[in-house]
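The block underneath contains the structure these notes are about, expressed in structure tokens.
A short reminder: the numbers here are calculations on the coordinates, not readings from a lab. Just so it is clear, the model here is predicted, and its values are computed rather than measured. Heads up, the Cβs are rebuilt from the backbone with ideal geometry, glycines too, and the neighbour counts pull from every protein chain shown.
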Amino acid sequence: MVNLNQDVKYVKGVGPNKVKLLNKLNIYTLNDLITYYPRDYEDRSIVTNLKDVVDNEKYTIEVLALTDVNVRYINRNKNYEKVIVKDDTDNCVITWFNQPYVKDNIKKGEKYRFYGKVTKKNGFIELNSPTYDSIANTKNTGKIIPIYPLTNSLSQNVLRSIIENGLKLVNSSLNEKLPKYLLDEYRLLDINNAINQIHFPDNFSNFSKARTRLVFDELLSMQLGLLMLKSENLEEIKGIKYRKDVKMSDVINDLPFKLTNAQLRVLEDINNDMEQEKPMNRLLQGDVGSGKTIVSMIAAYKAVKSGYQVAMLAPTMILAKQHLVNFQKILSQYGIRCEALVGGITAKKKREILEKVENGDIDVLIGTHALIEENVIFKNLGFVVTDEQHRFGVKQRAKIVSKGNNPDVLVMTATPIPRTLALILYGDLDISVIDELPPNRKKVETFAVSKRYEERVNEFIKKEVRSGRQAYIVCPLVEESDDESTANLKAVTEIYENYKNDIFKDFKLEYLHGKMKSKDKDEIMERFKNGEIEILISTTVIEVGVDVPNASVMVIENAERFGLAQLHQLRGRVGRGEYASYCILKYNSKSEIVRQRMEIMTKTDNGFTIAEKDLQLRGSGEFFGTKQHGIPEFKIANLFKDMEELKEVQALALKIINKDPKLEKEENKPLRELVKEQFTSKAELTI
């Protein structure tokens, strides 16, 4: 039996250098390799006559070489190669650039297949840098060819060949993951056929069957896992029944501003949950700046005044400190004691805080991952808030929850997820949405511009800063798989040096990236907030950050490399004060999809509309950007395109779990393994 967990370096064609490149694509094992699915396919199986080709389209042609390849040198480092070919209907000139070796591969009087984009000028047909095969060896033409997502220095041909070798190693010996009754009922392809046909389909009908099968696996395992997770949470657990005489309205009426109807509606949901015995598990979705934090403060007030402590888990130290300031501002007047436990505090101060938490002398403790540590002991933890859910896994949530006796949990996120999708993804949580912004929030004017507007953008930044405002400049994602990679840090420092020494040399600049020490990041953000830094060059580390009301300009370099949801999050860093604010998306692509995505950003500031469009245009894998903690990563399912299948599978999963809650029946054992495989280390499933 083949070991799917064996290191990918043992696959034929993978050497030490290629292992590093494959690892960049998150391919570490043989299993990762064979489940690294194509993003697209090129149909090179249909041969077209030259007389029938259309300008600017791709074709496979079968032709005779009328000449040998002629190599012309432009200078020492540049050359081009030409050959004239023909079929029964017309002639064609084929050109390559800097590929002199083709001279040895293509001989006059021999027949070949070429695949590439055709150009027609003045009645002449040309083909530039095509892929080719001899008629005897059709490796790159004459069939459907998979196209994979790549990383630098790894070509399609090389990756294709490695995946082919991986499949040969597996040799159709994969264990079936679905019970026979499901394969029969849904007429699904067996797993070995599905894996082979998804990579190298014989035809598009087989590809379609393979995709259907693999999507089914992903969606079913996710739904089963989430239902099992939810049923664990619902197993007759008794929670805290908070006092009805502690009124949220006591705080609401004292606020110096008016809450929106959406905030009041959400607070009603939370209040109802808190007054019931069943523990609350609620996801609060709200756009950047919609006022989720004040909702959590009012809920915290009810918890503390009912005799319990509150823990708030924040994704960054900067945000934890900001929350502390805001909580103290609102809650200290009611005698509620708030404190923050973050890195960088002295050992003495930390000991003091831990002692007070254990004695019950701190009511609200805000912190980063430090709250999860074993030495943090609460006297009576009753309410847990996690901010920015996508940064914390289900396991981390479970750890903080275990510090209390079935406390109520409020999970907050500014990452907008379409409601139907959120209901499915966060199957273990109830959902509330704040779908309106407070009236004092300024609309951020958004512009998408190409590189040729660079000078005008720079002049605009100077004008805003001279008038007393501040600006963010966000650097491009160099490698999407790791937004704090070495290459990204290089991009930040290069842009910083260029701007500091040349374009913005008369202004106060600083840069910020995720690999800096927390102390240094905090110091820079503090200086930016205090106005000591006028222009901040940064990676996406500012996506979840401190409010700087004076910042009015957000410029995002190479905006086409970011997801729309992320662009929207970044845009939310400005427009937080009284000044007119602007977001400028600089993009460098002629792609139609990029143009459409940029247009969406300029036309709407509704995070949920943006998320839906992003999901539609890019698919779920890229939409979520990072692996979702607690749910399986989707390798092939597209949660927009496959919504109908998702609903069907959800109903099926419910049916299965109702009959067999822990998948213990003999017929469901393969499903149990499938769920285990998908959820391993991602969620605390007791299976």
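Just for the chain, what percent of DSSP beta bridges are antiparallel, to the closest 5?
40 percent
Size of the dipole of the chain about the Cα centre, Lys and Arg at +1 and Asp and Glu at -1 on the beta carbon, nothing else charged, in debye to 20? Present the calculation step by step, with values, prior to reporting the outcome.
Working: 103 positive and 97 negative charges, 246 e Å.
The dipole magnitude comes to about 1180 debye.
Based solely on its DSSP helices, what 222 nm [θ] is calculated for the chain when runs of n ≥ 4 H residues each add -39,500 (n - 2.57) and the sum is averaged over all residues, nearest 500 deg cm²/dmol?
Details: 23 runs with 257 residues, N = 687.
Mean residue ellipticity at 222 nm (helix-derived): -11500 deg cm²/dmol.
For a Förster distance of 56 Å, can you work out the FRET efficiency between the beta-carbons of Tyr10 and Asp245, rounded to the nearest 0.05?
Details: r = 67 Å, r/R0 = 1.20.
So, using R0 = 56 Å, E works out to roughly 0.25.
What fraction, in whole percent, of alpha-carbon pairs in the chain exceed 43 Å separation? Please report the intermediate quantities before stating the final value.
On the way: 84411 of 235641 pairs.
Here the tail beyond 43 Å accounts for 36 percent of pairs.
How large is ³J(HN,Hα) for each residue in the stretch 47-64, as worked out from phi by the Karplus curve 6.51 cos²θ - 1.76 cosθ + 1.60 (θ = phi - 60°), to whole Hz, x for Gly and Pro?
3J(HN,Hα) across the stretch 47-64, in whole Hz: 8, 10, 5, 4, 5, 9, 6, 10, 4, 6, 10, 9, 9, 9, 10, 10, 9, 9.
Note the full-extension length gain between Phe257 and Val325 as 0.36 nm times their separation in residues minus their Cα-Cα distance, in nm to one decimal. The partial results should precede the final answer.
Details: separation 68, 0.36 × 68 = 24.48 nm, distance 1.74 nm.
Extra length from Phe257 to Val325 when fully extended: 22.7 nm.
Starting from 0.36 nm per residue, how many nanometres of slack lie between Lys451 and Ala580 once their C-alpha separation is accounted for?
Values: separation 129, 0.36 × 129 = 46.44 nm, distance 2.41 nm.
Additional length available on full extension: 44.0 nm.
If you line up the long axis of helix 592-603 against the longest principal axis of the chain, both from Cα atoms, how many degrees apart are they, to the nearest 10?
Relative to the chain, helix 592-603 is tipped by roughly 30 degrees.
Compute the semi-axes of the equivalent ellipsoid of the stretch 46-142, taking the square root of 5 times each eigenvalue of the Cα gyration tensor, and list them largest first in whole Å.
Details: eigenvalues 84, 51, 29 Å².
Sorted largest first and rounded, they come to 20, 16, 12 Å.
Evaluate the distance, in nm, between pseudo-label points positioned 7 Å from the Cα of Gln333 and of Asp660 along their respective Cα→Cβ axes.
If labels sit at Gln333 and Asp660, their model points lie 5.9 nm apart.
Any of Lys18/Lys78; Lys463/Lys505; Lys58/Lys635 with alpha carbons more than 19 Å apart? Name them for me.
Values: Lys18/Lys78 28 Å; Lys463/Lys505 14 Å; Lys58/Lys635 28 Å.
Over 19 Å Cα-Cα: Lys18/Lys78; Lys58/Lys635.
Once the Cα atoms of helix 204-234 and of the chain are each reduced to a long axis, what angle between those two axes, in degrees from 0 to 90 to the nearest 10, is obtained?
So the helix axis and the longest Cα principal axis differ by about 10 degrees.
Place a +1 charge on the Cβ of each Lys and Arg in the stretch 508-614 and a -1 charge on the Cβ of each Asp and Glu, then give the dipole magnitude about the Cα centre in debye, rounded to the nearest 20. Intermediate results must be reported in sequence, preceding the final value.
Numbers: 17 positive and 17 negative charges, 50 e Å.
Magnitude of the dipole: close to 240 debye.
In whole percent, what relative contact order does the stretch 46-142 give with Cα contacts below 8 Å and a gap of six or more residues?
On the way: 232 pairs, mean separation 29.0, N = 97.
Relative contact order here is 30 percent.
So who's got an amide H within less than 5 Å of the one on Val385, skipping anything under 5 residues away but keeping other chains? H placed 1.01 Å off N, in plane.
Those lying under 5 Å, H to H, from Val385 are Ala311, Met312, Leu313, Leu410.
Counting other Cβ atoms within 10 Å of each Cβ, which GluC sites (Glu not before Pro) in the stretch 534-613 have at most 15 and sit in a DSSP loop?
Numbers: sites: Glu534, Glu543, Glu557, Glu560, Glu578, Glu592, Glu599, Glu612; in loops: Glu534, Glu543, Glu557, Glu578.
Passing both the DSSP loop test and the Cβ count: Glu578.
For helix 156-170, report the angle its Cα long axis makes with the longest principal axis of the Cα atoms of the chain; keep it between 0 and 90° and round to the nearest 10°.
Helix 156-170 and the main axis of the chain meet at about 80 degrees.
Which order do Arg44, Arg573, Arg456 fall in if you start with the one that has the fewest other Cβ atoms within 10 Å? Walk me through the numbers before you get to the answer.
Values: Arg44 22, Arg573 25, Arg456 11.
Going from least to most buried by this count: Arg456, Arg44, Arg573.
When only C-alpha pairs under 8 Å and at least 6 residues apart count, what is the relative contact order of the chain, in percent?
Numbers: 1252 pairs, mean separation 85.5, N = 687.
Value for the chain: 12 percent.
In vacuum, with every alpha carbon of the stretch 444-604 counted as one equal point scatterer, what does the Debye formula give for log10 I(q)/I(0) at q = 0.12, 0.13, 0.15, 0.20 Å⁻¹? Two decimals, please.
Log10 of I(q)/I(0), two decimals: -0.47, -0.56, -0.76, -1.45.
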